[in-house]
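Chemist: Handing you this structure, nothing more for now.
Derivation of every value follows stated rules applied to the coordinates shown; laboratory data play no part. Note that the coordinates shown come from a computational prediction; the quantities given were computed from them, not determined experimentally. FYI the Cβ positions are ideal-geometry reconstructions off the backbone, even for glycines, and counts take in every protein chain you see.
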Amino acid sequence: MGSETVLPWFAWGAPRVLFLLGLGFLVANLKVAGDLIKYRRRRHTALLTWRGQRPAYYRLNILLAVTLGLLLAAKLVRNEPDRAFGEAMMFVYYGCAFPLSMRIARGFYGDGIWSDTGFMRWSQISALSWKEERGVTLILISHFRNIARRLQVPAHLYGQARRVLRDKVHEHALRMGGSGLDLGSRDDDDVV
């Protein structure tokens, strides 16, 4: 198998792979845009919120955005805009969508909790658990899906967070149940 057969396959396959990657990043960009719109609508109902922590790899993402921007510029200079879809979608994600998603305030809102990975309505939460290793983390478990979401709570807001949860239990917005063994002897206030 000579190099003449490998090079044409790579030249034919690489643009398609980049196009498929671009489609995936388009979906990710639309998801982040949807999250930003939802956040703007609900931020006036904030009960207790804070800025999310920047992930450890934040600077790497910005470096990727710069690199993709240079690649995109090179393709546009070479007059190949039809072959730049994948790079453009990755650039939009790493250069715009990801940094903007870090501006979404995590915490408690009138209709639910914005965790580190997305929003969950009060009515969707069936169980809560506090994890106190290397910081305070609230684990949320959904009624409808077998998913758990995490919310890192700043240590100085721990007491206020527990108070918000207790108030939501008293308002019957937050009902515990559906996970674990419930013998009827547990009070929802004790879980919070």
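Chemist: Going through 83, 134 one at a time, which residue ends up being on the phi > 0 side of the Ramachandran plot and out of contact with any Asp or Glu (no Cβ under 6 Å at 6 or more places or on another chain)? Before you say what the answer is, go through the steps one by one.
Modeler: Values: 83 fails: on the phi > 0 side of the Ramachandran plot.
Result of the check over 83, 134: 134.
Chemist: Could you list, in sequence order, the residues of segment 166-179 that are in a helix (DSSP H, G or I), touching a residue at least 24 places away in the same chain (Cβ under 8 Å) and more than 13 Å from residue 120 (Cβ to Cβ)?
Modeler: Step one: list which residues in segment 166-179 are in a helix (DSSP H, G or I), which gives 166-170.
Now drop any that are not touching a residue at least 24 places away in the same chain (Cβ under 8 Å), which leaves 166, 168.
Hit for segment 166-179 is 166, nothing else.
Chemist: Quick test for you: out of 52, 69, pick the one residue that is in contact with a helix residue (DSSP H, G or I) (Cβ under 8 Å, 6 or more places away or on another chain) and surrounded by 15 or more Cβ atoms within 10 Å (Cβ to Cβ). Give the derivation first.
Modeler: Values: 52 fails: in contact with a helix residue (DSSP H, G or I) (Cβ under 8 Å, 6 or more places away or on another chain).
Answer to the selection: 69.
Chemist: I need the full set of residues from segment 67-81 which are of a type outside the set (Gly, Ala, Ser), touching a residue at least 12 places away in the same chain (Cβ under 8 Å) and under 21 Å from residue 97 (Cα atoms), in order please. Walk me through it before giving the result.
Modeler: Residues of segment 67-81 that are of a type outside the set (Gly, Ala, Ser), as a first pass: 67-68, 70-72, 75-81.
Now narrow it down to the ones that are touching a residue at least 12 places away in the same chain (Cβ under 8 Å): 68, 71-72, 75.
68, 71, 72, listed by residue number.
Chemist: I'm checking my understanding of the structure. Among residues of segment 14-43 that are charged (D, E, K, R) and within 12 Å of the chain's Cα centre (by Cα), which one is nearest to residue 105 (Cα to Cα)? Show your work before the answer.
Modeler: Pass one, segment 14-43, residues charged (D, E, K, R): 16, 31, 35, 38, 40-43.
When the remaining residues are screened for being within 12 Å of the chain's Cα centre (by Cα), the result is 31, 35.
Details: 31: 17, 35: 11 Å.
Checked segment 14-43; the qualifying residue nearest to residue 105 (Cα to Cα) is 35.
Chemist: Go through segment 137-165 and report how many residues are touching a helix residue (DSSP H, G or I) at 6+ places or on another chain (Cβ under 9 Å) and more than 12 Å from residue 50 (Cβ to Cβ).
Modeler: Qualifying residue count, segment 137-165: 7.
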